[in-house]
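The structure under discussion appears below in the form of structure tokens.
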Amino acid sequence: MEKAFNLTSPTHIQIEVTESCNHSCFYCYNHWRIKDYPKKHMTYSNAKILSQIIKKDIRPFIATITGGEPFINYSVTKLFAEELGKEEITVGINTNLVAAKKDKLEDISKTNPNITLLTSLPSFKREVYQQITGADTLPHYLKNLRDAIDVGIGVNVNMVAHQLNKNHVYDEGKFLLEEFGINSFAVTPMIRPALRTLDGMDLEDEDNVKIFTDLIKLREENGMRTAILEVTPRCGVPEELRDDAIFSRGCSAGKITSTISYNGDLRVCAHAPFSEGSLITENFADIWKKVEPWRDHGYMPSECRDCLEVQFCQGGCRFAGYKEGQPLDTKDYRMKEPIRLRKDTPTFSFDPALEYEVVPFRFRKEREGEYLLYCNGDFYLQMKD
């Protein structure tokens, strides 16, 4: 297993500005989503404090404003978009779009001209969309999606796949491309949320394979940028598909990502149902030190430690189907058997006779003589003087 790279702070932070949502999707990973859950919002005063902590102490390259539904707590969403944008932090909003009226879209675009939206479209079929979200709001979604595009905001669409929509992947991607010109589409197979059970919605192995192949087909036939936005255990992917770019994500909890709750608590990721400490009353560096085991493979399932693919998926999701009191090194329920053999993958070699394009990058100082480079949203490199 590769030695862990212990960052001094996350490269990507998620900020939950509210626990309130106008949808009730059964698969929602938010741990508070139980019946009659309290609808709590981040206060404007706490948001001002947290924005300064993020800029000065955490120093991420990417910040995602999420919830709940962030447009419900618009003043706080706008504050983060403006304050973090000033620091050249890439800011996105994770939204179901229903509360994102055109005046708000125009306003947020003026506040931060580089803002992007990651929006959830559970199904492009109205009856299925209503069955999943508990709301007949697909017409509002589509209108606001058109408005966002007309305003000039970059839009990426994600669909969480399960038994109700598993056969819609290819058709939904084509619909978005042909009707809206959207070229970025992600489909994330459903993960059982922590502290809750979902009966009858899990995907079978053959369902997952069809979703994977439909995503690859959308890319190859239509030129769409396709992705899976959550970690997929490599041992659960057929060998012939395993090296495809859609499986590029590993568990990043407490390593390169963390989540800030509505009240300022820090969690290792959005799926985590417990806090590691309060950014309002504690020092960020002290909290980050407490979660060092996450960066040192401390919660890696024992079955994964000798797997030849573990460097890619990092052992799957620690909170997939998590039950209260369960050890954090429990296997991801989607895992199969550790991979003992793998085919060789091509290695890159530099050819001085060719021309290479240098992609713009940003960097931050980690420690004395150590720097972290951020390039194209995907690549990180440690350098020493």
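The values are calculated or read from the model by the stated rules, or taken from the named source; none is laboratory data. None of the values given here were measured: they were computed from a predicted structure. Counting neighbours? That spans all protein chains shown, and the Cβs are built from the backbone with ideal geometry, glycine included. Heavy atoms of the whole protein, side chains included, go into the accessibility calculation; ligands, DNA and RNA do not. Shrake-Rupley method; radii C 1.70, N 1.55, O 1.52, S 1.80 Å.
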When the range 136-165 is examined, which residues are found to be closer than 15 Å to THR95 by Cα and in contact (Cβ under 8 Å) with a residue 40 or more places away in the chain?
THR137, HIS140, TYR141, ASN144, LEU145, ASP147, ALA148, ILE153, ASN156, ASN158, VAL160
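Criterion first (open to solvent by 10 Å² or more (accessible area, probe 1.4 Å), modelled with pLDDT under 95 and in contact with a Pro (Cβ under 6 Å, 6 or more places away or on another chain)) does TYR37 satisfy it?
Against the criterion (open to solvent by 10 Å² or more (accessible area, probe 1.4 Å), modelled with pLDDT under 95 and in contact with a Pro (Cβ under 6 Å, 6 or more places away or on another chain)), TYR37 does not qualify.
If you go through the range 80-115 one residue at a time, how many are small (Gly, Ala, Ser) and more than 27 Å from ARG362 (Cβ to Cβ)? Can you show your working first?
So in the range 80-115, the residues small (Gly, Ala, Ser) come out as 81, 85, 92, 99-100, 109.
Restricting the remaining residues to those that are more than 27 Å from ARG362 (Cβ to Cβ) gives 99-100.
The number of residues fulfilling the criteria is 2.
Kindly check whether there is at least one residue in the range 330-338 that is of a type in the set (S, T, N, Q) and either within 14 Å of THR232 (Cβ to Cβ) or at pLDDT below 95 (or both). Reasoning before the result, please.
The initial filter retains those residues of the range 330-338 that are of a type in the set (S, T, N, Q), namely 330.
Cutting the leftovers down to either within 14 Å of THR232 (Cβ to Cβ) or at pLDDT below 95 (or both) gives us none.
Taking every residue of the range 330-338 in turn, none turns out to be of a type in the set (S, T, N, Q) and either within 14 Å of THR232 (Cβ to Cβ) or at pLDDT below 95 (or both).
Check the range 334-357 and report whether any residue there is within 26 Å of PRO10 (Cα to Cα) and either open to solvent by 70 Å² or more (accessible area, probe 1.4 Å) or over 19 Å from the mean Cα position of the chain (by Cα) (or both). Steps first, please.
Step one: list which residues in the range 334-357 are within 26 Å of PRO10 (Cα to Cα), which gives none.
No: the range 334-357 contains no residue that is within 26 Å of PRO10 (Cα to Cα) and either open to solvent by 70 Å² or more (accessible area, probe 1.4 Å) or over 19 Å from the mean Cα position of the chain (by Cα) (or both).
Filter the range 175-193 for residues that are of a type in the set (A, V, I, L, M, F, W, C), assigned to a helix (DSSP H, G or I) and open to solvent by 10 Å² or more (accessible area, probe 1.4 Å) and give the result. Before you say what the answer is, go through the steps one by one.
Taking the range 175-193 as the starting set, the residues that turn out to be of a type in the set (A, V, I, L, M, F, W, C) are 175-177, 180, 182, 185-187, 190-191.
Subset that is assigned to a helix (DSSP H, G or I): 175-177, 180.
Passing the criteria: PHE175, LEU177, PHE180.
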Determine whether ILE280 is surrounded by 16 or more Cβ atoms within 10 Å (Cβ to Cβ) and within 30 Å of ILE15 (Cβ to Cβ).
no
Mind listing whichever residues of the range 48-75 are of a type in the set (A, V, I, L, M) and open to solvent by 30 Å² or more (accessible area, probe 1.4 Å)?
ILE49, ILE62, ILE72
Could you list, in sequence order, all residues of the range 232-246 that are more than 16 Å from CYS307 (Cα to Cα) and crowded, with 18+ Cβ neighbours inside 10 Å?
ILE246
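Search the range 197-231 for residues being of a type in the set (Val, Ile, Thr) and farther than 19 Å from SER120 by Cα, and hand back the single one that is least open to solvent (accessible area, probe 1.4 Å). Break it down stepwise before answering.
Taking the range 197-231 as the starting set, the residues that turn out to be of a type in the set (Val, Ile, Thr) are 197, 209, 211, 213, 216, 226, 228, 231.
Filter once more, keeping what is farther than 19 Å from SER120 by Cα: 197, 209, 213, 216.
Working: THR197: 112, VAL209: 53, THR213: 57, ILE216: 18 Å².
Ranking the qualifying residues of the range 197-231, first place goes to ILE216.
Tell me, which helices (runs of 4 or more DSSP H) lie completely within the range 259-317 with 1 or more residues that are more than 23 Å from the chain's Cα centre (by Cα)? Spell out the reasoning first.
Details: elements: 284-290, 292-295, 310-313.
Per the criteria, 284-290.
Here is a yes/no grid of residues against (1) out of contact with any Phe, Trp or Tyr (no Cβ under 8 Å at 6 or more places or on another chain); (2) at pLDDT 95 or above:
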{"site": "ASP296", "(1), (2)": "yes, no"}
{"site": "CYS317", "(1), (2)": "yes, yes"}
{"site": "VAL359", "(1), (2)": "yes, no"}
{"site": "ARG364", "(1), (2)": "no, no"}
{"site": "ASP378", "(1), (2)": "yes, no"}
{"site": "MET383", "(1), (2)": "no, no"}
Return the residues of the range 97-121 that are in contact with a Phe, Trp or Tyr (Cβ under 7 Å, 6 or more places away or on another chain) and either open to solvent by 60 Å² or more (accessible area, probe 1.4 Å) or not aliphatic (A, V, I, L, M) (or both); say none if nothing qualifies.
LYS104
If you check ARG146 against the conditions, is it touching a helix residue (DSSP H, G or I) at 6+ places or on another chain (Cβ under 6 Å), open to solvent by 50 Å² or more (accessible area, probe 1.4 Å) and basic (Lys, Arg)?
no
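Taking the criterion of being over 19 Å from ARG295 (Cα atoms) and open to solvent by 10 Å² or more (accessible area, probe 1.4 Å), would at least one residue in the range 248-259 satisfy it?
Within the range 248-259, the subset over 19 Å from ARG295 (Cα atoms) is none.
No, because not a single residue in the range 248-259 is over 19 Å from ARG295 (Cα atoms) and open to solvent by 10 Å² or more (accessible area, probe 1.4 Å).
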